[in-house]
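Encoded as structure tokens, the structure appears first; notes follow it.
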């Protein structure tokens, strides 16, 4: 029995109708939360120097500047997340030049300043070494280090607590179809108590995207489908837009989200399609660096 089944069973035992439980359970997303506090399993490290496969150069942008290394996740140690096909072993390394990524014009342009490297457990590795191009004023860099300790937690969409004036017609109908949602939200918290967190220091794998402004999914919709929606009446157009964003959210998942060191208002967000994650196609990860102020 996985975590989602555990929730369904507990909610039904509390007397919530099965059809309502099923609707609510679809909204639950499970994620790994890793932080500095020594709670849970040791799962990786922020900052420092990465271990790269022997012979692999340090990732760079097109102009040859090395990308700052920010995060290592040890896949074998990470708690297993329902519906998230993380590698069973090896390490995931995250590189990001946050300043260039923020200044890039568009999703495609941003990607040259971000990289995710998967290192299989069988690979022979060595400490990565970067080279700063000659005749530049770029200073040597290594992000400050701290260990990460991870646990599993459940997450619900933030719109569940909003008033109807801020919701789409589809969301309003969902709320009306779940009169026991407050009891079920409390059950989620009871089964998976939220860990204390501080985004500048912590890391989230899976779950919903963290967004101070528009979430990445709003920029990832199919423009042709959105364009087709303009021919519909406003109410139907809004429903179509909501459904298109939900399609994107079903296809994509946050591989890692965390605050950037020494950048109080910058969040790093790396998203990947579920099928690419299962196939270990980490070259298809998309970066969405966010300035929150």
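The values are calculated or read from the model by the stated rules, or taken from the named source; none is laboratory data. Note that the coordinates shown come from a computational prediction; the quantities given were computed from them, not determined experimentally. Neighbour counts run over all protein chains shown; Cβ positions are idealised from the backbone, glycine included.
Scan the stretch 51-78 for residues that are surrounded by fewer than 21 Cβ atoms within 10 Å (Cβ to Cβ) and closer than 23 Å to residue 207 by Cβ and the total you get is 4. Candidates in the stretch 102-131 are the residues that are in contact with a strand residue (DSSP E or B) (Cβ under 6 Å, 6 or more places away or on another chain) and modelled with pLDDT under 90; of these, the one that is nearest to residue 53 (Cα to Cα) is 130. Scan the stretch 16-41 for residues that are touching a strand residue (DSSP E or B) at 6+ places or on another chain (Cβ under 6 Å) and either without any contact (Cβ under 8 Å) to a residue 60 or more places away in the chain or more than 30 Å from residue 176 (Cβ to Cβ) (or both) and jot them down. Within the stretch 16-41, 32, 33, 34, 36, 38, 39, 40, 41 qualify. Assess whether residue 159 counts as being without any contact (Cβ under 8 Å) to a residue 40 or more places away in the chain, touching a helix residue (DSSP H, G or I) at 6+ places or on another chain (Cβ under 8 Å), farther than 28 Å from residue 34 by Cα and surrounded by fewer than 16 Cβ atoms within 10 Å (Cβ to Cβ). Judged against the criteria, residue 159 is not a match.
Looking across the stretch 198-219, the residues that are surrounded by 19 or more Cβ atoms within 10 Å (Cβ to Cβ), over 10 Å from the mean Cα position of the chain (by Cα) and touching a residue at least 40 places away in the same chain (Cβ under 8 Å) come down to 202, 216. When 97, 83, 89 are checked against the criterion of being touching a residue at least 12 places away in the same chain (Cβ under 8 Å), touching a strand residue (DSSP E or B) at 6+ places or on another chain (Cβ under 8 Å) and farther than 20 Å from residue 273 by Cβ, a single residue qualifies: 97. Taking residue 91 as the residue in question, decide whether it is over 24 Å from residue 204 (Cβ atoms) and modelled with pLDDT of 95 or more. The answer is no for residue 91.
Looking at residue 233, is it more than 28 Å from residue 142 (Cβ to Cβ) and without any contact (Cβ under 8 Å) to a residue 12 or more places away in the chain? So residue 233 fits the description; yes. Of all residues in the stretch 236-293, those satisfying the criterion of being assigned to a strand (DSSP E or B) and at pLDDT below 85 are 266, 291. Of all residues in the stretch 165-176, one or more are assigned to a loop (DSSP other than H, G, I, E, B), surrounded by 14 or more Cβ atoms within 10 Å (Cβ to Cβ) and more than 20 Å from the chain's Cα centre (by Cα). Answer with yes or no whether residue 8 is closer than 25 Å to residue 250 by Cβ, modelled with pLDDT under 95 and in contact with a helix residue (DSSP H, G or I) (Cβ under 7 Å, 6 or more places away or on another chain). So residue 8 fails the test. A count restricted to the stretch 37-66 and to residues that are within 20 Å of the chain's Cα centre (by Cα), within 29 Å of residue 249 (Cβ to Cβ) and assigned to a loop (DSSP other than H, G, I, E, B) stands at 1.
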